[in-house]
Amino acid sequence: MNEIYERWLSRAEDPEIHSELEAIRGDEAAIRDRFYCELTFGTAGLRGVIGAGTNRMNIYNVRRATAGLARYLLEKYERPSVGIAYDSRHKSDVFA
């Protein structure tokens with residue numbers, strides 16, 4: 001898990017994510033909680049605690065889910081299209 005944590009720390013483009021990762025340096029429990037699994041897309045969509053890590057809702061996990069959806073649509077449809085929207089939830093505009 002520390003390897004994944006260090007990779008995230010070295011590649012974090014988002015200053016909030018980088019600061020959060022720096023703040024938990026050396027805190028094994030906090031690192032484990034954020035990186036022990038990957039956030040999954042379920043029947044209610046991609047949901048989770050907002051923050052840094054593979055088990056958190058953040059721009060990197062939204063990108064990963066978006067890339068997966070894009071690949072699926074490109075494989076299944078000749079000219080796929082999507083609608084992008086956001087609501088009043090925290091960071092919804094950033095994730096959109």
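The values are calculated or read from the model by the stated rules, or taken from the named source; none is laboratory data. Just so we're clear, the structure is a prediction, and the values are computed from it rather than from any experiment. Heads up, the Cβs are rebuilt from the backbone with ideal geometry, glycines too, and the neighbour counts pull from every protein chain shown. Ligands, DNA and RNA are stripped out before the accessible areas are found, and what is left, the full protein with its side chains, is counted by its heavy atoms. Shrake-Rupley method; radii C 1.70, N 1.55, O 1.52, S 1.80 Å.
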Subject >> When residues of the stretch 1-26 are limited to those that are of a type in the set (A, V, I, L, M, F, W, C) and free of Cβ contacts under 8 Å to residues at least 40 places away in the same chain, the one surrounded by the fewest Cβ atoms within 10 Å (Cβ to Cβ) >> reply: ALA23
**OP:** List the number of the failed condition for ASP33; all other conditions in (1) modelled with pLDDT of 95 or more; (2) among the acidic types (Asp, Glu); (3) within 12 Å of the chain's Cα centre (by Cα) hold.
**Re:** (3)
Original post:
Just one of the numbered conditions (1) at pLDDT below 95; (2) assigned to a helix (DSSP H, G or I) is not true of GLU22; which one?
Top reply: (1)
**OP:** Select from the stretch 27-53 the residues that are free of Cβ contacts under 8 Å to residues at least 12 places away in the same chain and among the basic types (Lys, Arg) and list them in ascending order.
**Re:** ARG47
Subject >> Given (1) in a helix (DSSP H, G or I); (2) small (Gly, Ala, Ser); (3) open to solvent by 40 Å² or more (accessible area, probe 1.4 Å), index of the condition ALA30 fails >> reply: (3)
Original post:
Of all residues in the stretch 66-96, which are part of a helix (DSSP H, G or I) and within 20 Å of LEU39 (Cα to Cα)?
Top reply: THR66, ALA67, GLY68, LEU69, ALA70, ARG71, TYR72, SER92, ASP93, VAL94, PHE95
